[in-house]
Number of protein chains: 2
Amino acid sequence: MKLHGYFRSSASYRVRIALNLKGLRAEHLPHHLRKGEQRDPAYLALNPQGLVPTLQDDSGEIITQSLAIIELLDETHHEPPLIPNDPLRRAKVRALAMALACDTHPVQNLKVLARLRELGLPDEQVTGWAAWVNREGLAPCETLIANEPGPFCFGSAPTIADLCLVPQLANARRFGVDLAAFPRLLRAEAAAKDLKAFADAAPDRQPDAE
Amino acid sequence: MKLHGYFRSSASYRVRIALNLKGLRAEHLPHHLRKGEQRDPAYLALNPQGLVPTLQDDSGEIITQSLAIIELLDETHHEPPLIPNDPLRRAKVRALAMALACDTHPVQNLKVLARLRELGLPDEQVTGWAAWVNREGLAPCETLIANEPGPFCFGSAPTIADLCLVPQLANARRFGVDLAAFPRLLRAEAAAKDLKAFADAAPDRQPDAE
């Protein structure tokens, strides 16, 4: 298996955690997003969105979109499960993952911030935008799991929701968001960071880290 | 079942199509997004994100996030399937849905456009932003399904990918995007629009349409 990614990409980080939790090995192929390597024609032929991650499985099949990749890994390698069995619980876990992966992360990614700069916004307004997106994205997540038993987002083991949360909190810190208002999210993050699968997936532990 | 939504919301539109395809009835409870009704405390208690749709099932359970709702409906009401059985095909179908539902729609939603106005961007730049997001979002989708047999995104029946595509194309038109470059997407849309389940879910067919 090959995983095309970038050390600081939240979406790549999610898939790295999933691979580690499942005990799956992949060859990591970095694409330097800040140098625009995701727009190389050879990469666009794999992933027309020009985004990371992209998974190439052993038969050469190409899968894009981090959540689709994680669902595939969960369906083909059952242990440990990253999505619970009960349909209603599955929906609640997926909804939290999507609150972050749909409504938060893409609105503050590199491409969006670059576009804001092109439109003439000064750097502090661009950083302010990213901080706003993270605050607005994380606050409802705190409420959504307020009554869930911990320590993880949904109970005693990590799910796809935690795989989205940990990278998003790292982004929020990078943009200067005060996370003190989110104690339940921080509790889930602390539990996750105690696991080697999460620690080994962290951006600063990747070969392409700068 | 109750579906909290808004006639013009793409995410509500996706779920309406899913309910119709599955032959499920729901009471439709509109929340007027342009009047800010999604921020009423009573609604925020159901959906802390202040977004639509929200599904309340017959036992009162609350599910947010359109794709999580559709996956739940697909898991609990199997016919017709909206996601294929084969894990790799599932991943490809989900990836297209997510290219639209994660990387496209949230970057051009009402809240983001309102924020751009607050930052001082004139109306034509805000509309230009929305058009840019739609073009950038749809173009890779055209490539991703270029070699898929039609007429739908993935074969002879609609999937969750079509449920995301049809509302997104409506958005793109609303923002003035020239869709001539996307013949494969338009072919899928035409097939979908021939189905009563899609036609009945269209924004202008909803009781709250203006």
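For the chain pair A and B, the buried solvent-accessible surface (1.4 Å probe, both sides summed) amounts to about 4100 Å². Beta bridges per DSSP, both residues in the protein assembly as shown: antiparallel share near 65 percent. Nearest beta carbon of chain B to the B-to-A rotation axis, with distance in whole angstrom: B:Cys102, 2.
A label point on B:Ala209, set 7 Å along the Cα-to-Cβ line, lies at 5.5 nm from each of its counterparts in the other copies, closest listed first. With Cα atoms as the point set, chain A shows a radius of gyration and Dmax of 16.6, 49 Å.
If only the Cβ of Lys and Arg carry +1 and only the Cβ of Asp and Glu carry -1, the dipole of the stretch B:12-166 around its Cα centre is close to 280 debye. On full extension, the segment bounded by A:Glu79 and A:Asp123 gains 11.4 nm, given 0.36 nm per residue less the C-alpha separation.
Per-residue shielding of A:41-49, expressed as the average number of other chain Cβ atoms within 10 Å of the residue Cβ, stands at 3.
Each copy carries a label point for B:Gln125 at 7 Å from Cα along the beta-carbon vector; from one copy to the others these points are 0.6 nm apart, nearest first. Projected onto planes of every orientation and averaged, the convex hull of the alpha-carbon atoms in the stretch B:1-71 covers 4.3 nm². Dipole of the stretch A:1-51 computed with +1 at Lys/Arg Cβ and -1 at Asp/Glu Cβ about the Cα centre; of A:Asn47, A:Leu3, A:Gly36, farthest Cα towards the positive end is A:Leu3.
Among the cysteines of the protein assembly as shown, those with no neighbouring cysteine Cβ under 4.7 Å are A:Cys141, A:Cys153, A:Cys164, B:Cys141, B:Cys153, B:Cys164. Along each principal axis, taking the top coordinate minus the bottom one, the Cα set of the protein assembly as shown gives 52, 48, 46 Å in descending order.
Here chain B carries DSSP beta bridges of which approximately 65% are antiparallel, counting only pairs with both residues inside. When the residues A:Leu119, B:Leu169 are ordered by accessible surface, computed with a 1.4 Å probe over the protein chains alone, the sequence from largest down reads A:Leu119, B:Leu169. With r as the distance between the Cβ atoms of A:Leu88 and B:Ala45 and R0 = 22 Å, compute the FRET efficiency 1/(1 + (r/R0)^6) and round to 0.05. Efficiency at R0 = 22 Å is approximately 0.70. With the label put 7 angstrom out from Cα along the Cα-to-Cβ vector, A:Ala190 ends up 6.0 nm from the copy partners, going from closest to farthest.
For the stretch B:35-152, the pair-distance distribution built from all alpha carbon pairs, in bins 5 Å wide starting at 0, is 2, 9, 14, 16, 17, 16, 13, 8, 4, 1 percent. Shown for chain B: lysine pairs separated by 8 or more places, or found on different chains, whose C-alpha atoms are under 22 Å apart, numbering 7. Whole Å is fine, so just give me how far the alpha carbon centre of the stretch A:25-50 lies from that of the stretch A:126-145. If we compute the Cα centre of each part, the gap is 28 Å.
The values are calculated or read from the model by the stated rules, or taken from the named source; none is laboratory data. Just so you know, these numbers come straight off a predicted model, no measurement behind them. All Cβ positions, glycine included, derive from the backbone under ideal geometry; neighbour counts span all protein chains shown. Note: accessible area is taken over every heavy atom of the protein model, side chains too, but ligands, DNA and RNA are not part of it. Shrake-Rupley method; radii C 1.70, N 1.55, O 1.52, S 1.80 Å.
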